[in-house]
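To start, the structure under review is shown below, and the notes come after it.
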Amino acid sequence: MPVTMRDVRAVLDPDEVDYSAGARLGPEAFDYLLALVRDTDPGLAAKAAYLAGVIRGERSEEVVAAAAASEDALVRVAAASAAALLAPASASRVLNDLVVDQDSGVQKLALRSVPADPSPELRSRVREVSAGAAEPGLRAMADNVLRGLH
Amino acid sequence: MTWNSWFSHGAPTAGFTGGPSIVSRNNAVCNIYVRGGDNALWQKAFFNGAWHPWGRHNDGAVLASEPALGSMGPNHEHIFVRGTDGAVWSKAWNGAGGWSGWFSHAAPVAGLTGGPAIVSRNNTVCNIYVRGGDNALWQRAFFNGSWHPWGRHNDGAVLASEPALGSMGANHEHVFVRGTDGAVWSKAWNGAGGWSGWFSHGAPAGGMIGGPTIVSRNSGVCNIYVRGTDNALWQKAYFDGSWHAWGRHDDGAVLASEPALGSMGPSHEHVFVRGTDSAVWSKAWSLVPTVILHLKVLTNPTSFTVDQMVASMRDVYASRGINVAVGSRETLDLPLLTDVDVSTCIMGTTTAEQNQLFANRNGVGANHVVAYFVRSTNPPGNGCAAHPAGRPGCVVSSTSSSWTLGHEIGHVLGLPHVSPSDRLMMGNGTWNITNPPPDLIDTERATMDTSPLTVNI
């Protein structure tokens, strides 16, 4: 049975989403997830972005990157979180801007998703946060991230 | 504690004069007495869990006042009235012995204005108080097994109403009256300390009609009720060791008499009045299962206000008789927790961030529930009810529906997901609820009621 938007919404509509069960939708869900990320409902867009990461397919990065470009910080938070589920190179690309996002919540999730072997550019931006973030908690998180890098 | 709706008790076939009087000799019985339109005594009784029809006391008595009622034990009640001779008369009921005959207590030498009032602070004492013809307070006491002569309270008080009486203990009684200044005044007797001086309780904004009435449902509480000049019920309460401000009962009731008060237990009181339809009406205040909810806002929701969410929750819970009381509201400035990690959001399992967030109870009681309004959960969801042990609560995301709060608290109280889309606990997303307001069913109500987080207050 082909995956439909109805199937995708059935996964994402619950108040508490079961993302493990949603992963079974597979790559066929990406078009719908991308549409939802670009939709105006930030709640659904955030859920769609995260599910795209959980599915771990070739188009995961595309959907998560679209969420990372959202004007809504709540959607960027989801993208930052979903980046942890991407391959390291994909994660680095998505996180480059998110780790220095103007929103501290986005930064927090982005720092948490930095892969152990990030791109040089991402590594440099984590150093920026460590050195200059206004929020002490973020500086501490960035320090921790740097200590764990290969 | 919550007031129920006004309930009509009808009226005697002969109608009645003035307002009702009531007495509960124990927690299972309540009797309404009125002076009928035929000046006979009429009675309507509550026992065996139900109200019974009005009945006439066919003993030939002709009442010249509304009755005053009291009890000196769980199987005793007595009725005092002014007779056509200007004296106070009484008769008593004591279970197996049935009703006694009427007995005259005569009257103060100054005579009396209006009818008598009585109080028994314990099972061996009864005091009749009246407003004398000289507007002083007069008293006749029963103690040591016999009635004693009328005595005048020579304290200078000038009464502008009949007295209202009550007791807050076996060695305490107090007298409330309307003063000539239109305020409610009281004084108390407490055994060895004797009588206090008179103390003013002021009056409702706009004043009142007639005199005060009082009730103490237990030894720590006293409520004064009056008929305001706007014909609404007004109340002034004593609890937690002090008197509180007058408040209006904004329930639309229009009183046509002074209220009559009673209690059927330490957590119950009820108010009886004559309505504009000349029937007796009552409403009761009693313990209600209540969820005490504390609101802690990190980020305000975007589609509904917090107040709207609480109102939606209250609507659904009230439909099953469960009250939602907001215990407190607080803004939390925790920018790194407003996108809170909830992981798989499974009851009994919490993340470090949930533990950190839920540590911000800030004095909330152990059996109270806290709702933390955050921007988002990670992974994204509308809410999550998983909470650390001993810190009951939930998180609600900024993108949640108006029902999410009630839904998540439902989980906290022990409710699982269900399939029907017209139920609060539907698992397919409260944005998709089909017949708002959504339902709670009997078994869910029972689960909520047995939760230690649903408290009777």
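Taken as a whole, segment B:429-437 holds at least one residue that is without any contact (Cβ under 8 Å) to a residue 24 or more places away in the chain, in a loop (DSSP other than H, G, I, E, B) and either away from chain A (no Cβ under 14 Å) or surrounded by 24 or more Cβ atoms within 10 Å (Cβ to Cβ) (or both). Residues of segment B:346-382 that are farther than 23 Å from B:VAL324 by Cβ, touching a strand residue (DSSP E or B) at 6+ places or on another chain (Cβ under 7 Å) and at the interface with chain A (Cβ under 9 Å from one of its Cβ atoms): B:ARG375, B:SER376, B:ASN378. Against the numbered list (1) over 23 Å from the mean Cα position of the chain (by Cα); (2) outside any helix (DSSP H, G or I), B:GLN308 comes up short only at (2). A:ALA48 meets the stated requirement of being within 14 Å of chain B (Cβ to nearest Cβ), touching a residue at least 40 places away in the same chain (Cβ under 8 Å), of a type outside the set (Ser, Thr, Tyr) and buried (at least 18 other Cβ atoms within 10 Å of the Cβ). B:VAL175 - would you say it is under 26 Å from the mean Cα position of the chain (by Cα), outside any loop (DSSP other than H, G, I, E, B) and not aromatic (Phe, Trp, Tyr)? When the stated conditions are applied, B:VAL175 passes them. Quick check: is even one residue across segment A:81-88 under 30 Å from B:THR434 (Cα atoms) and in a helix (DSSP H, G or I)? No, segment A:81-88 contains no residue that is under 30 Å from B:THR434 (Cα atoms) and in a helix (DSSP H, G or I).
Out of all the residues in segment B:348-367, which are within 13 Å of B:LYS296 (Cα to Cα) and open to solvent by less than 40 Å² (accessible area, probe 1.4 Å)? If the condition is that a residue be within 13 Å of B:LYS296 (Cα to Cα) and open to solvent by less than 40 Å² (accessible area, probe 1.4 Å), then B:LEU357, B:PHE358, B:ASN360, B:ARG361, B:VAL364 are the ones that fit.
Answer yes or no: is there a residue in segment B:243-252 that is crowded, with 18+ Cβ neighbours inside 10 Å, touching a residue at least 24 places away in the same chain (Cβ under 8 Å) and among the acidic types (Asp, Glu). No: segment B:243-252 contains no residue that is crowded, with 18+ Cβ neighbours inside 10 Å, touching a residue at least 24 places away in the same chain (Cβ under 8 Å) and among the acidic types (Asp, Glu). Restricting attention to segment B:265-283, the residues that are within 23 Å of B:ASP251 (Cα to Cα) and modelled with pLDDT under 90 add up to 2.
Scanning segment B:30-86 for residues that are of a type in the set (Asp, Glu), farther than 18 Å from B:TRP281 by Cβ and buried (at least 17 other Cβ atoms within 10 Å of the Cβ) turns up just one, B:GLU77.
Only one entry of A:SER104, A:SER60, A:SER20 meets the criterion of being buried (at least 22 other Cβ atoms within 10 Å of the Cβ) and among the hydroxyl-bearing types (Ser, Thr, Tyr), and that entry is A:SER60.
For residues that are open to solvent by 40 Å² or more (accessible area, probe 1.4 Å), within 17 Å of B:ARG178 (Cα to Cα) and not β-branched (Val, Ile, Thr), tally how many sit in segment B:197-229. Counting residues in segment B:197-229 that are open to solvent by 40 Å² or more (accessible area, probe 1.4 Å), within 17 Å of B:ARG178 (Cα to Cα) and not β-branched (Val, Ile, Thr) gives 7. Among residues of segment B:184-210 being touching a Phe, Trp or Tyr at 6+ places or on another chain (Cβ under 8 Å) and among the small types (Gly, Ala, Ser), the one that is farthest from B:TRP246 (Cα to Cα) is B:SER196. Taking B:ASN367 as the residue in question, decide whether it is touching a residue at least 60 places away in the same chain (Cβ under 8 Å), part of a loop (DSSP other than H, G, I, E, B) and under 20 Å from A:VAL106 (Cα atoms). Criteria not met by B:ASN367. Look at B:SER303 and say whether it is under 22 Å from the mean Cα position of the chain (by Cα), among the hydroxyl-bearing types (Ser, Thr, Tyr) and either open to solvent by 50 Å² or more (accessible area, probe 1.4 Å) or outside the structural domain of B:SER216 (by TED's automatic domain parsing) (or both). When the stated conditions are applied, B:SER303 does not pass them. Which ones in segment A:67-101 are of a type in the set (Lys, Arg) and buried (at least 24 other Cβ atoms within 10 Å of the Cβ)? Listed by number, the list holds a single entry, A:ARG76. Could you go through segment B:87-103 and let me know if any residue there is within 30 Å of B:THR290 (Cα to Cα) and surrounded by fewer than 17 Cβ atoms within 10 Å (Cβ to Cβ). No, there is no match, as no residue in segment B:87-103 is within 30 Å of B:THR290 (Cα to Cα) and surrounded by fewer than 17 Cβ atoms within 10 Å (Cβ to Cβ). Residues of segment A:23-43 that are open to solvent by less than 20 Å² (accessible area, probe 1.4 Å) and at the interface with chain B (Cβ under 8 Å from one of its Cβ atoms): A:GLY43 alone. Of the residues making up segment B:150-188, those that are β-branched (Val, Ile, Thr) and open to solvent by 40 Å² or more (accessible area, probe 1.4 Å) are B:VAL158, B:THR180.
The values are calculated or read from the model by the stated rules, or taken from the named source; none is laboratory data. Not measured: the values here are computed from a predicted model. Cβ coordinates were reconstructed from backbone atoms using ideal geometry, including for glycine residues, and neighbour counts include every protein chain displayed. We work out accessible area using only protein heavy atoms, side chains counted, and drop any ligands, DNA or RNA first. Shrake-Rupley method; radii C 1.70, N 1.55, O 1.52, S 1.80 Å.
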